[in-house]
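Worksheet: the structure to be examined is printed underneath.
The values are calculated or read from the model by the stated rules, or taken from the named source; none is laboratory data. These numbers come from a predicted model, not from an experiment. Here the Cβ is made from the backbone with ideal geometry for all residues, glycine too, and neighbour counts use every protein chain on show. Surface areas here come from the heavy atoms of the whole protein model, side chains and all, with no ligands, DNA or RNA. Shrake-Rupley method; radii C 1.70, N 1.55, O 1.52, S 1.80 Å.
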Amino acid sequence: MSLRSENLDRLDGGEFDVAIVGGGINGAVVAAALASRGVKVALVERSDFASATSQESSNLVWGGFKYLENYEIPLVFGLCGSRNRMMKAYPSRITEVRFLATLDKSSPFPPWLAALGSLAYWGIGRFATKPPSFLRPKRIKAMEPLVNVETARGGIEYADAYLKDNDSRFVWGFVRSALDLGGTAVNYVNLDQARRETDHWELDLTDTTSGRSLSMRAKVVVNAAGPFVDGLNASWGAATEHRIVFSKGIHLVVPRINASEKILAFFDDTQRLFYVIPMAHRSVIGTTDTRTDDPREPVTDEDREFLLEQINARLDLDQPLTTGDIISERNGVRPLVVTNDGDDRTDIDWTTLSRKHEVEVDEARSLVTIFGGKLTDCLNVGEEIADAVADLGITVGRAVDGWYGEPPRDEREAFMSAAAAGPLAAAPDIEREPSLAAVLWRRHGRDAFEVLAAVNEDPSLAEPVLAESDLLKAELPLYARNEMIVRFDDFLRRRTKLAMVHNADTLGASDGLAEARKMLDLAPEPA
């Protein structure tokens with residue numbers, strides 16, 4: 001029986017302390033946090049885990065330097081603390097990265113002020129990263145020759161952190177943690193109806209892959225539906241003090257622009273920061289920040305043209321980037337929190353809205369709602385919800401060690417030592433890692449020992465599934481058995497980053513991926 005089938009059976013007819021609706025970063029981390037505290041928890045996601053906003057981030061784990069523009073110092077202080085905590089817990093997956101910010105005539109403030117801000121940011125961040133520095137245009141050009149400094153007034157270099165794999169895989173790690181700790185979690189399960197009875201909730205569900213009807217009970221429901229929290233609350237008749245508005249942010253993935261691992265930062269013509277972020281052998285340009293009323297609004301020609309125009313004006317490229325250079329696109333809608341006071345004005349400065357999250361508890365319904373949220377702050381969200389659930393009468397124990405983070409350093413060192421003499425000691429073609437073993441540990445943790453054993457038995461399994469990728473044939477059994485992959489897009493887009501760094505034609509022509517698809521034993525694609 002597959003992992004997903006086992007969880008469907010546990011879900012159907014089950015009685016739980018807490019039911020979580022939504023499998024993005026909020027739902028996933030709450031499931032792990034509660035399961036680690038002995039709470040009987042079930043998570044349901046109507047699509048794949050992290051298939052909405054949580055797969056469309058900039059892959060940054062940061063304190064929010066740009067939020068200092070709006071004087072949100074308490075928010076930045078909290079996010080910096082969360083960033084430091086995450087970097088310590090995930091030393092292989094979340095690493096310090098340098099930002100090189102060039103300030104020109106489009107910048108809202110002069111370089112000297114940005115330099116002061118970077119010093120303040122370093123201090124607010126408890127001096128946990130390398131110190132910032134002020135840069136004159138000549139120095140910027142020497143560090144990154146591709147940067148156009150003709151109109152530059154100067155710049156700064158400062159540090160933050162980013163995810164070396166994709167954001168959606170990071171979310172999956174919390175789902176996996178919840179499962180390992182005794183929780184239940186299933187993707188592609190739609191919530192048809194939820195009714196509050198005298199002392200519990202009744203939830204009617206459908207497994208959308210088979211049409212199977214399911215039902216379950218829970219004492220408490222956590223609404224972690226991201227952009228869709230308001231619709232769920234409305235269907236339950238729950239009034240809230242906050243609501244969600246939407247800001248669309250897109251990224252364009254193009255061939256690698258700069259050779260270094262630095263993130264290039266610029267102000268666009270609207271005085272909003274955007275970045276060039278490394279992703280394996282590609283660069284990610286973004287993000288934008290535009291108001292929308294549609295949480296599923298697609299990338300438009302106008303979006304693409306704007307970003308390409310902005311980056312072409314700020315780089316000295318041999319040939320300007322065009323739409324033909326776009327390998328893939330990332331398109332996310334941020335759920336931003338505002339007060340639910342009936343004010344629907346559209347003339348506000350969209351970029352000034354706070355990025356902080358809010359948690360509301362409806363004691364009468366035993367309902368908890370999470371508004372907003374960020375990858376950086378996810379551990380705090382999990383712990384806040386654990387406290388809220390305890391206040392609603394659920395027995396919540398002390399968290400077990402290891403409910404988040406990587407395995408201990410000695411396990412990593414043992415793996416690296418065991419892999420040092422074989423094929424996994426080779427450096428990967430597309431990753432800035434010393435060896436394939438380092439990539440595998442980052443991706444799988446202690447399950448990488450299984451990959452090592454397979455490669456030692458058959459060295460051909462150390463070959464990549466796809467050219468210009470670091471995905472090895474030996475990894476495929478792990479994905480098939482452990483990662484609840486239902487659709488091929490789950491594998492290409494969320495458990496791996498293949499669909500972000502390769503175009504559709506390359507993926508479709510790969511014999512290795514055709515074999516991978518057979519091994520994964522996937523459900524038929526929807527019509």
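Remarks
- Directionally averaged projected area (the stretch 64-193, Cα convex hull): 11.8 nm².
- Of the residues L135, G125, T102, the one whose Cα sits farthest towards the positive end of the charge dipole of the stretch 77-138 is G125 (charges of +1 on Lys and Arg Cβ, -1 on Asp and Glu Cβ, taken about the Cα centre).
- For the chain, with +1 on Lys and Arg beta carbons and -1 on Asp and Glu, the positive-most of H444, G63, A31 along the dipole: G63
- Estimated Rh, the stretch 377-526: Kirkwood, alpha-carbon pairs, angstrom: 17.5 Å
- Separation of the stretch 265-340 and the stretch 200-214, taken as the distance between their Cα centroids, equals 38 angstrom.
- Relative contact order of the stretch 230-365, taken over Cα pairs closer than 8 Å and 6 or more residues apart, is 34 percent.
- For the stretch 42-91, the share of alpha carbon pairs falling in successive 5 Å distance bins from zero is 4, 17, 17, 17, 18, 15, 8, 3, 0 percent.
- Charge dipole (debye, nearest 20) of the stretch 405-453; +1 at Cβ of Lys and Arg, -1 at Cβ of Asp and Glu: 60 debye
- Exposed chymotrypsin sites (Phe, Trp or Tyr not before Pro) absent - longest run of the chain, DSSP non-H/G/I/E/B, at most 13 other C-beta within 10 Å: 128-527
- For the stretch 64-72, Karplus couplings with θ = phi - 60° (6.51, -1.76, 1.60), whole Hz, Gly/Pro x: x, 3, 5, 6, 5, 4, 9, 6, 8
- Compared with the direct C-alpha span, the chain from F109 to A234 gains 40.7 nm at full extension, assuming 0.36 nm per residue.
- Of the solvent-accessible surface of the chain, computed with a 1.4 Å probe and all protein chains present, 50% belongs to carbon and sulfur.
- Pairs over the 22 Å Cα-Cα cut-off, from the set K105/K141; K88/K248; K138/K164; K88/K164; K105/K374; K88/K497: K88/K248; K138/K164; K105/K374; K88/K497.
- Cut-off under 5 Å, modelled amide H: who pairs with M216 long-range: G13, L203
- The C-alpha atoms of the stretch 153-296 occupy a region whose extents along the principal axes are 65, 35, 27 Å, arranged from largest to smallest.
- R494, R243, R196, R446, ranked by accessible area, largest first (probe 1.4 Å): R446, R196, R243, R494
- Across the stretch 1-139, Cα pairs under 8 Å and at least six residues apart give a relative contact order of 16 percent.
- Considering all C-alpha pairs of the chain, those separated by over 46 Å amount to 11%.
- Taking the stretch 158-246 and dividing mean pair separation by its residue count, relative contact order in percent (alpha carbons under 8 Å, at least six apart): 15 percent
- Stokes-Einstein D in µm²/s, Kirkwood radius over Cα pairs - the stretch 291-418 at 20 °C with 1.002 mPa s viscosity: 107 µm²/s
- Measuring between their Cα centroids, the stretch 493-521 and the stretch 30-98 lie 27 Å from each other.
- One chain, two ends: E6 and T151. Fully extended at 0.36 nm per residue, the span grows by 46.1 nm beyond their Cα-Cα distance.
- The charge dipole of the chain, taken about the Cα centre with unit charges on the Cβ atoms of Lys, Arg (+1) and Asp, Glu (-1), comes to about 1420 debye, rounded to the nearest 20.
- Using only Cα coordinates, the Kirkwood hydrodynamic radius of the stretch 1-85 works out to 15.4 Å.
- The residues of the chain expose, per residue, 41 Å² of accessible area to a 1.4 Å probe.
- Considering only the chain, percent of DSSP beta bridges that pair antiparallel, nearest 5: 75 percent
- Volume per residue that the Cα convex hull of the stretch 96-165 spans, once the total is divided by residue count, Å³: 100 Å³
- Restricting the calculation to Cα atoms, the stretch 207-360 shows an Rg/Rh of 1.07 when the hydrodynamic-style radius is the Kirkwood one.
- 10 °C / 1.306 mPa s Stokes-Einstein diffusion coefficient of the stretch 162-232, Kirkwood radius on C-alpha pairs, µm²/s: 111 µm²/s
- At the residue level, D204 shows approximately 50 square angstrom of accessible surface with a 1.4 angstrom probe and all protein chains present.
- The eigenvalues of the Cα gyration tensor, multiplied by 5 and square-rooted, give the stretch 269-315 an equivalent ellipsoid with semi-axes of 20, 14, 10 Å from largest to smallest.
- Expected-Rg normalisation [2.2 N^0.38 Å, Cα atoms] applied to the stretch 49-135: 1.18
- Extended-chain gain in nm, criterion 0.36 nm per residue less alpha-carbon gap, S260 and A89: 59.0 nm
- Compactness of the stretch 246-332 - radius of gyration and Dmax, Cα, Å: 12.5, 39
- Amide H contacts under 5 Å for L472: V465, restricted to partners 5 or more places along the chain or on a different chain, H placed in the peptide plane at 1.01 Å from N.
- FRET efficiency for the M143 to D204 pair, using the beta carbon distance and R₀ = 56 Å, is estimated at 0.45.
- Euclidean distance between Cα centres, the stretch 401-479 to the stretch 140-154, Å: 38 Å
- Nonlocal amide H pairs with L315, under 5 Å, H built at 1.01 Å: N148
- Using a probe of 1.4 Å on the protein chains alone, the accessible area found for D301 is around 100 Å².
- Förster radius 35 Å - calculated FRET efficiency between D511 and E15, Cβ distance, rounded to 0.05: 0.15
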